[in-house]
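J.: What follows is a structure written as structure tokens; I'll ask about it next.
The values are calculated or read from the model by the stated rules, or taken from the named source; none is laboratory data. Computed from a predicted model, the values in this text were never measured in an experiment. Cβ: placed from backbone, ideal geometry, glycine included. Neighbour counts: every protein chain shown. Each accessible area value is taken on the protein alone, full model and side chains, heavy atoms only, with ligands, DNA and RNA left out. Shrake-Rupley method; radii C 1.70, N 1.55, O 1.52, S 1.80 Å.
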Amino acid sequence: MATKPATKPTVPTPTPPPAPASRAEAPAGPRPAWADLVEQVREAGRYPTRPEAERVIRVVLSALGGHVVGDERVDLARALPEQAARVVAAQIPATRPLTAAEFVDSVAARIAGATPATARWDVSSVLSVLPPLVGDDLITRVLDRLPPGYALLFGRADLTPAA
């Protein structure tokens, strides 16, 4: 009769429990590079130069920084390149939320010679590159805190039912 060779019993290696999901949890992976953000915005907005794309990024993110608050603001700053994070974090929170149209108008007021149409282009050129850069989940949380209408600026369908 053949006997089975003795094998050492295997002891399962304990696996650490998953980290608790926190709204203030930093995104996985390293921060994207400022140069990558600038290049993505330059391509999305078809800006002829990097300095022009950088100027638009700073204006749009400074406007956004005043309207994103709480954990979403902290998480957005953590997920952005360091230069962009400083722009967002340096803003004083707005006293009242702006509608998407008012937000675009506020950006137009910050850019010399801008019209509502060119400001909308600038806003969308910056905000539409953020979802793949910082994560769709974070952008969904940001949109949940903003008035209806911002989703289109981020390149998403606005599926909010009309009131």
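J.: State the number of residues belonging to the range 101-150 that are aliphatic (A, V, I, L, M) and within 12 Å of the chain's Cα centre (by Cα).
T.: Summing the residues that are aliphatic (A, V, I, L, M) and within 12 Å of the chain's Cα centre (by Cα) in the range 101-150 gives 10.
J.: Among the residues of the range 94-102, is any of a type in the set (D, E, K, R), within 20 Å of Arg156 (Cβ to Cβ) and at pLDDT 95 or above?
T.: Initially, the range 94-102 is screened for residues of a type in the set (D, E, K, R), giving 96, 102.
The next check asks that each one be within 20 Å of Arg156 (Cβ to Cβ); those that pass are 102.
Still in the running and at pLDDT 95 or above: 102.
Within the range 94-102, one or more residues are of a type in the set (D, E, K, R), within 20 Å of Arg156 (Cβ to Cβ) and at pLDDT 95 or above.
J.: Right, something else. Go through the range 66-83 and count every residue that is in contact with a Pro (Cβ under 9 Å, 6 or more places away or on another chain) and assigned to a helix (DSSP H, G or I).
T.: Summing the residues that are in contact with a Pro (Cβ under 9 Å, 6 or more places away or on another chain) and assigned to a helix (DSSP H, G or I) in the range 66-83 gives 4.
J.: Moving to a separate point now. Are there any pairs with C-beta distances below 7 angstrom linking a residue in the range 49-77 that is touching a residue at least 40 places away in the same chain (Cβ under 8 Å) and on the phi < 0 side of the Ramachandran plot to a residue that is of a type in the set (Asp, Glu) and open to solvent by less than 30 Å² (accessible area, probe 1.4 Å), with the two at least 6 apart or on different chains, and if so which?
T.: As it stands, the answer is Val56/Asp122; Val60/Asp122, since those pairs meet every condition given.
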